[in-house]
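Report on the following structure.
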Amino acid sequence: MKKIFLVLSFLLITYSVFSQSFTFTRISPAIVTLSDTTANEVKGKALLNPNSGSMQIRIIRTIEDLTLSWDTLGTSICNYVNCFSADADTVTDTYSSGPADDSIWIYFYCRSFYYPYLIPGAGHVRLRAELVSNPSQFIELDFTANTPQTIGITQISAIVKEFSLGQNYPNPFNPVTNINFSIPKNEFVSLRVYDILGREVKALVSQSLTPGEYEVNFDASGLSSGMYYYSLRAGEYVSVKKMVLVK
């Protein structure tokens, strides 16, 4: 009898430790797009609900990767109570179970808020919802926002075995060169070009991609001769290579 009691106690403790006490579900598309070139914001939406009762839950913006289209004003987190400033990476409130008014939004504010044009590209944000009393209970969601125009990239193959970033070709180049990279699984991909001082001069890719090998054209017509660097980030993978522009 004592053994049965101990086993039941262990199972109860295990269930209470590993069972998730709330849900955090994205209800907007994974990738949202501005409706037209006159818009200046777009939002992703999720529902956050405790399974029962009320509990304090912390929302944390753990990733914010923005191209020029979105980085003038950035992003902000909103919940059923308030919209918070763009520099508020953590928001804590009490949420209750029941019919959900407990929505979470992430607003992407576009550069066109101040400028009459859009720069092609995407913004990526990851939100983490965690239980204040037990941060080991958490759920993460990714949100991506695109401008109506998209940067053209070509998928060469859908079957690859590993992450890789190829050397651009031709190199040296004037003024157009090609960059190839591969990703073996679904990832948010960022491919950016920097000058010798580390300043970003071009965001070539900033969006979620399916597995495959891709080729991107880089036109440096507006840049001066010199050495440049390009960096690929995809999940935990990071690679940097250099190239030379000769005019």
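All of the numbers you see were taken from the coordinates with simple rules; none came from a lab. Everything numeric in this text was worked out from a predicted model, so none of it was measured. Heads up, the Cβs are rebuilt from the backbone with ideal geometry, glycines too, and the neighbour counts pull from every protein chain shown.
Values for this structure:
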| quantity | calculated |
| --- | --- |
| Subset of K161/K241; K45/K242; K43/K185; K43/K202; K45/K241 violating a 32 Å alpha-carbon distance limit | K45/K242; K45/K241 |
| Pair-distance profile P(r), taking every C-alpha pair of the range 153-245, with 5 angstrom steps and integer % | 3, 14, 28, 25, 16, 10, 4, 0 |
| Label-reachable residues, the range 215-234, where backbone N falls under 18 Å from a point 7 Å from N174's Cα toward its Cβ | 218-228 |
| R58-Q20 FRET efficiency (beta carbon distance; Förster radius 22 Å; 0.05 resolution) | 0.90 |
| Pairwise label distance in nanometres, A30 with T154, each label 7 Å out on the Cα-Cβ vector | 2.6 nm |
| Förster radius 30 Å - calculated FRET efficiency between V240 and T92, Cβ distance, rounded to 0.05 | 0.20 |
| Least to most buried among C78, C110, C83 (fewest other Cβ within 10 Å first) | C83, C78, C110 |
| Relative exposure of K43, K202, K161, judged by other C-beta atoms within 10 Å (fewest first) | K161, K43, K202 |
